[in-house]
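Shown next, in structure tokens, is the structure this report addresses.
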Amino acid sequence: MRQNSKAFNRHGIITLKNVGKINPESIEDFIAHDGYIAFEKALFDMNEDEVIDEVKDSGLRGRGGAGFPTGLKWSFTAPLKVKDKFIICNADEGEPGTCKDRLIMEGDPHKLIEGILIAGYAVRANKGYIYIRGEYYLSIERLGKAIKDAYKHGYLGQKILETNFSFDLEIKVGGGAYVCGEETSLIESLEGKRGLPRFKPPFPGIAGLWQKPSVVNNVETLCNIPDIISKGGEWFRSFGTKKSTGTKIFMILGNVKNPGIIELPQGVTLRELIYEHGGGMEDDKELKCTLVGGAAGCFVGPDLLDIPMTIESLSEHGAALGSGSILVLKEGTNLIALMKNLMHFFKHESCGQCTPCRYGTEKLYRLICKISDDIARNKPDVNDLNEMLETAKMMQKTSLCALGQSPLMPLESAMKYCVIDEFKKRVIK
Amino acid sequence: MHITINGKVYDAKPEQMVIEVARENGIYIPSLCYHPKIGKAGKCRVCVVEVEGIGGLQTSCTTQVSEGMKVVTNSENILEAQRMVVNLMLANGRHDCIKCEQNGDCELQDAAYYLGIENPPYQFGIIEPQIDDSAEMIQVDRSKCIECGRCVAACNNTVVNEVLEFGNRGFDTKIIFDNDLLMGESSCVQCGECVQICPVGALIDKRAIGKGRTWELDKVETVCPYCGVGCKLELHIDRKTDEIVRITGVEDSPTNEGMLCVKGRYGFDFVKSDERLTTPLIKENGKLREASWDEAITLVASKFNGIKKKFGSDAIAGLASAKVTNEENFVFQKLIRREVGTNNIDHCARL
Amino acid sequence: MYKNICKNFEPKRDNLLLILHEIQDSHPQQYITKNAMKYVAEYLKISIAQVKGVISFYTMFSTTPRGKYLIRVCNSTACFIKGSDNVLEILNNILDLEKESITEDNLFSLETCSCLGVCGNAPVMMINKEVYGNLNEKKIKKIISDLKRGNK
Ligand SMILES: Cc1cc2nc3c(=O)[nH]c(=O)nc-3n(C[C@H](O)[C@H](O)[C@H](O)COP(=O)(O)O)c2cc1C
Ligand code: SF4
Ligand code: SF4
Ligand code: SF4
Ligand code: SF4
Ligand code: FES
């Protein structure tokens with residue numbers, strides 16, 4: 001089934017440029033659209049450090065959620081002199097309301113392979129893994145074929161294009177666990193284990209897969225690489241804002257007229273996203289707020305409609321961009337029910353390894369259920385809400401990985417915007 | 001190398017974790033998943049401290065020391081976080097210390113005591129005991145398990161029996177034996193390593209149940225009498241009755257590092273058995289009678305001499321026991337080789 | 001059968017998830033049997049507890065029989081907002097079952113799952129490897145009755 005993505009043909013700039021345009025099962029078609037040109041340029045005309053410098057110059061930051069500068073990440077791993085080094089592509093895409101990586105993998109799989117190859121060359125790695133979540137059957141199939149074709153055409157394997165660069169690429173498949181999107185948990189899962197995050201340091205760039213240096217990058221991040229190499233970091237910087245360069249894929253979902261996926265230069269505002277690209281509010285209802293960045297994201301209300309949707313400007317307002325998913329909620333949405341859904345998500349996806357998150361997510365879920373029941377009986381207790389907040393704060397301080405640290409953000413922002421209203425309306429004096 | 005903890009400077013070795021330096025110097029940081037034998041785990045999140053220059057809280061069991069590091073272990077911020085974590089554990093288990101075998105020797109109890117927690121302010125419903133009584137020597141009570149993972153690490157990495165693992169995830173996480181079987185049906189060899197390393201009363205020595213509180217028991221170190229490895233053990237002896245209640249391995253013994261086998265740990269019935277021989281017995285007319293050592297040894301010596309004279313030395317053979325020490329075995333083979341005069345000497349090499 | 005599947009993979013632990021997926025997919029009832037688990041443990045030279053630990057960690061794996069058609073309804077935020085609860089209720093009614101269980105004829109089983117990455121078409125569900133989006137009662141009924149018909 002095709003994605004509902006009316007807008008992307010018109011707007012694909014870098015990462016979605018080919019999606020929907022080329023035949024994803026044909027390497028020839030990809031090559032005919034300037035495919036593998038950037039890789040060849042890197043391989044023949046640039047040395048490893050020049051590639052990293054170009055990526056640094058582009059200002060590219062990770063698109064997996066945390067926004068870590070990609071060139072900098074590579075530069076930690078590149079100088080390490082060890083026999084095995086790995087590039088790991090994070091294609092676990094588990095964040096609710098996020099479907100950008102899937103679109104790329106199904107629509108332009110070779111672009112990802114090209115990005116991985118360039119990354120592999122730059123950090124002097126010899127093997128790559130793409131960790132795809134198990135539910136993405138079509139992505140697995142298409143990428144599987146693409147890798148086979150790339151081997152056939154000499155882009156993968158020993159002595160690639162008759163140079164001294166050798167690189168193998170393999171697909172690994174997840175089993176249904178959101179936490180495996182976290183890079184260290186992903187590595188454990190790659191090793192065939194339970195997806196329990198490791199404590200950091202050491203960071204994967206130093207000791208990752210089988211304790212070997214491993215660069216973990218998101219699909220969208222890696223798909224920016226070919227254009228950065230072929231057109232230059234400066235060209236890339238011509239899109240977006242000073243600190244958030246390039247483009248970003250946004251998923252505009254929920255109560256809008258045209259939900260869909262779109263790649264835009266960074267710096268667009270929420271207003272533009274909803275009313276221009278999303279076609280406006282469904283049934284022309286009022287906007288209540290949005291949930292930006294999925295479950296681990298943050299509620300952003302109408303007061304921030306006109307600020308740029310970039311990491312830095314959102315963080316000035318205590319919010320985060322995350323994966324770029326924007327769930328638009330109309331007036332009248334039952335936020336408590338939505339919070340219940342979110343809290344259930346965290347409880348369901350906690351790996352259970354560390355105390356604050358294992359028990360804390362359960363506690364949060366039970367409390368929101370109680371609140372929900374109490375509201376139905378018209379007797380909500382504000383103390384329960386405070387207890388939730390205190391618990392989430394403690395989790396944020398003490399949890400091992402970012403999953404346990406996440407519930408605070410949606411909770412706090414929901415209280416700021418809306419949940420309190422639902423209380424105010426009902427609290428009996 | 002030096003680090004500062006709570007304003008005082010201490011010596012530290014570069015590879016040490018903050019918690020180790022603190023422990024060496026008598027500074028208590030509550031901790032539940034860390035154990036020197038299994039190394040860093042970072043799972044329970046109780047051992048958090050503040051480190052100058054690093055924002056937020058750090059787990060002291062995974063934070064390596066560095067020159068000049070400044071650590072605080074007791075700010076209100078830290079204690080509050082620790083209290084909430086410990087409260088969550090208490091809230092999710094049946095921690096009614098009164099009946100618990102671990103009472104007085106429980107690291108969760110220690111942490112709660114240190115943090116001034118009386119009753120957790122919140123309870124995850126009514127929690128019933130979840131007891132697995134299927135195994136011969138060990139009782140499992142999941143309602144006291146805090147999923148710290150020490151037993152799993154110990155079973156897999158220390159004794160390498162690979163019976164234990166975690167199953168499920170999130171709130172449903174639990175320890176499993178093999179394919180989620182009862183302990184008694186699993187491939188567990190009842191070595192008891194997991195019992196010894198469990199910080200709480202979730203895994204306990206069945207035979208010690210109800211036999212006395214830890215503070216009523218005298219601890220006596222000795223060497224296991226079963227085999228030549230010579231594991232160091234600690235007997236826990238009831239002061240009033242002089243009975244052995246349980247046996248644990250001595251953690252800092254270089255021979256066994258706290259590990260024991262099922263016999264060393266649980267096979268202590270013989271000590272006070274009525275059937276145990278306490279004097280030599282001599283059989284006369286088909287009946288055994290008690291004798292003195294002198295009489296018995298003289299008798300055996302004369303019989304041996306008789307056999308030797310009549311049939312030659314090779315008519316006699318010696319079989320030594322693995323239960324005795326190397327030195328005793330050495331003396332025994334001297335006896336057989338030099339005094340009896342034969343090379344017919346062997347060793348059971350096992351029990 | 002699972003023996004042949006294992007043979008296709010090097011006996012290395014990092015192949016565990018791939019092997020489990022194939023074994024599960026090859027079973028007409030889409031689950032992993034005890035014997036298969038035992039075999040996999042031996043093949044990869046890991047303990048049975050480690051295999052069980054992995055299977056029980058990942059929600060896609062099951063150790064109990066499922067229907068020929070495994071329906072996974074997404075109940076993550078985007079679908080939730082678009083009425084995934086409703087989808088579940090409709091399916092429960094049509095199939096006459098309780099949440100996360102299996103029909104009497106072993107044809108369908110119903111589970112919820114996290115985001116399937118088709119949020120633009122919320123609410124969505126997946127039946128075996130096929131994704132169905134923009135669900136409403138009429139559409140769901142048709143999908144199910146088509147599948148039923150195909151099985152007569
Ligand atoms: C709970 C959790 C889930 C995550 N899920 C994903 C994911 O599905 N995809 C992804 O690319 N990054 C995910 N991340 C972020 C990764 O840990 C990591 O930061 C990212 O893959 C780095 O790639 P980048 O630098 O290219 O963004 C997740 C992080 C956490 C804490
Ligand atoms: S915070 Fe949650 S998901 Fe992360 S390690 Fe702890 S229990 Fe696992
Ligand atoms: S395990 Fe510890 S805290 Fe729990 S009941 Fe026993 S002694 Fe008390
Ligand atoms: S008694 Fe020994 S073998 Fe059995 S579970 Fe405990 S550590 Fe493992
Ligand atoms: S049984 Fe004991 S050692 Fe094992 S996880 Fe539970 S509390 Fe920890
Ligand atoms: S002792 Fe440090 S996290 Fe458990």
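Observations
- By a 1.4 Å probe calculation restricted to protein chains, residue C:63 has an accessible surface near 60 Å², given to the nearest 10.
- Region C:1-75 and region B:168-247 have Cα centres separated by 35 Å.
- Across all Cα pairs in region A:369-416, the calculated P(r) in 10 Å bins from zero up to the longest distance comes to 27, 45, 24, 4 percent per bin.
- Cut-off under 5 Å, modelled amide H: who pairs with residue A:205 long-range: A:214
- Region A:110-120 - phi-based ³J(HN,Hα) in whole Hz, Karplus 6.51/-1.76/1.60, Gly and Pro as x: 5, 4, 5, 4, 4, x, 5, 4, 5, 4, x
- Surface burial for C against A, with a 1.4 Å probe and both sides summed, reaches about 3500 Å² of accessible area.
- Between A and B, accessible area buried - total, square angstrom, nearest 100, 1.4 angstrom probe: 2500 Å²
- Apportionment of accessible area to carbon and sulfur, region A:299-342, percent (1.4 Å): 54 percent
- In region A:107-251, Cα pairs under 8 Å separated by at least six residues give a relative contact order of 20 percent.
- Annotation: amide H-H contacts under 5 Å for residue A:325 (H modelled 1.01 Å from N, sequence separation of 5 or more, or interchain): A:251, A:293, A:294.
- Accessible surface, per residue, of chain A when the full set of protein chains is kept, probe 1.4 Å, Å²: 34 Å²
- In the full protein context, region B:238-351 carries 73 Å² of accessible surface per residue, based on a 1.4 Å probe and ignoring ligands, DNA and RNA.
- Value in Å of the Kirkwood radius, where region C:2-57 supplies the Cα pairs that are averaged: 10.9 Å
- Order by protection proxy (mean Cβ within 10 Å, highest first), peptides A:232-244, A:341-353, B:27-39: A:341-353, B:27-39, A:232-244
- Here the Karplus curve 6.51 cos²θ - 1.76 cosθ + 1.60, taken at θ = phi - 60°, turns the phi angles of region B:166-176 into couplings of 8, x, 6, 8, x, 4, 7, 3, 8, 7, 10 Hz, with x standing for Gly and Pro.
- Cα-only radius of gyration and Dmax that characterise the protein assembly as shown, units Å: 32.7, 117
- Relative protection proxy for A:138-144, A:279-285, C:33-39, from highest mean packing down: A:138-144, C:33-39, A:279-285 (other beta-carbon atoms within 10 angstrom).
- The distance linking region A:118-181 with region C:93-152 is 32 Å (Cα centroid to Cα centroid, whole angstrom).
- If the chain linking residue B:37 and residue B:229 were pulled fully straight, counting 0.36 nm for each residue of separation and taking away their Cα-Cα distance, it would gain 67.1 nm.
- Residues in region B:227-237 carry Karplus couplings, in order, of 9, x, 4, x, 4, 7, 10, 10, 8, 9, 10 Hz; the curve used is 6.51 cos²θ - 1.76 cosθ + 1.60 with θ = phi - 60°, and Gly or Pro positions show x.
- Backbone N under 15 Å from the residue B:346 label point (7 Å along Cα→Cβ), restricted to region B:294-317: B:315-317
- Mean-position separation - Cα centroids, region A:351-390 and region A:101-115, in angstrom: 40 Å
- Across the alpha-carbon set of region B:144-224, the Rg to Rh ratio works out to 1.01, Rh being the Kirkwood radius.
- Partner shielding of A:341-349 amounts to 4, given as the average count of beta-carbon atoms from other chains within 10 Å of each residue beta-carbon.
- Close amide H contacts of residue B:223 (hydrogens built in the peptide plane, cut-off under 5 Å, sequence separation of 5 or more or a different chain): B:233.
- Reduction of at least 40 Å² in accessible surface, 1.4 Å probe, comparing all protein chains with the chain by itself, residues of region C:1-30: C:13, C:14, C:17, C:18
- Counted over all Cα-Cα pairs of region A:335-424, pairs farther apart than 18 Å make up 35 percent.
- Counting Cβ atoms of other protein chains within 10 Å of each Cβ in A:250-258 and taking the mean gives 3.
- Value of relative contact order over region A:40-105, rounded to a whole percent, pairs C-alpha under 8 Å and six or more apart: 18 percent
- Peptides B:150-156, C:5-11 ranked from most to least packed by the mean count of surrounding Cβ atoms within 10 Å: B:150-156, C:5-11.
- Within the accessible area of region B:2-89, the carbon and sulfur atoms contribute 51%, probe 1.4 Å, all protein chains present.
- Where region C:69-148 is the region considered: accessible area per residue in Å², 1.4 Å probe: 41 Å²
- Accessible area (Å², 1.4 Å probe, nearest 10) - residue A:210: 100 Å²
- Residue pairs, from the table A:100/A:231; A:212/C:68; B:206/C:34; A:330/A:379, whose Cα atoms sit over 32 Å apart: A:212/C:68
- Between residue B:133 and residue A:271, the simple label model (points 7 Å from Cα in the Cβ direction) yields a spacing of 7.2 nm.
- Of the residues C:26, A:413, ranked by 1.4 Å probe accessible area with the largest first, the sequence reads C:26, A:413.
- Virtual spin-label span in nm between residue B:274 and residue C:149, 7 Å along Cα→Cβ: 8.3 nm
- The helix-based estimate of mean residue ellipticity at 222 nm for chain B, built from -39,500 (n - 2.57) per DSSP H run of four or more residues and divided by its residue count, is -6000 deg cm²/dmol to the nearest 500.
- Interface burial in region B:158-190 reaches 20 Å² or more for B:162, B:165, B:166, B:168, B:169, B:170, B:171, B:173, B:176, B:178, B:179, comparing the full protein assembly with the chain by itself; accessible area from heavy atoms with a 1.4 Å probe.
- More than 27 angstrom apart: percent of Cα pairs within chain C: 31 percent
- Taken residue by residue and averaged, Cβ atoms of other chains lying within 10 Å of the Cβ of A:188-200 number 6.
- Sorted largest first, extent of region A:5-237 alpha carbons per principal axis (Å): 43, 38, 35
The values are calculated or read from the model by the stated rules, or taken from the named source; none is laboratory data. Note that the structure is predicted; figures quoted are calculated from it, not measured. FYI the Cβ positions are ideal-geometry reconstructions off the backbone, even for glycines, and counts take in every protein chain you see. Please note that ligands, DNA and RNA were not included when accessible areas were found on the heavy atoms of the full protein model with its side chains. Shrake-Rupley method; radii C 1.70, N 1.55, O 1.52, S 1.80 Å.
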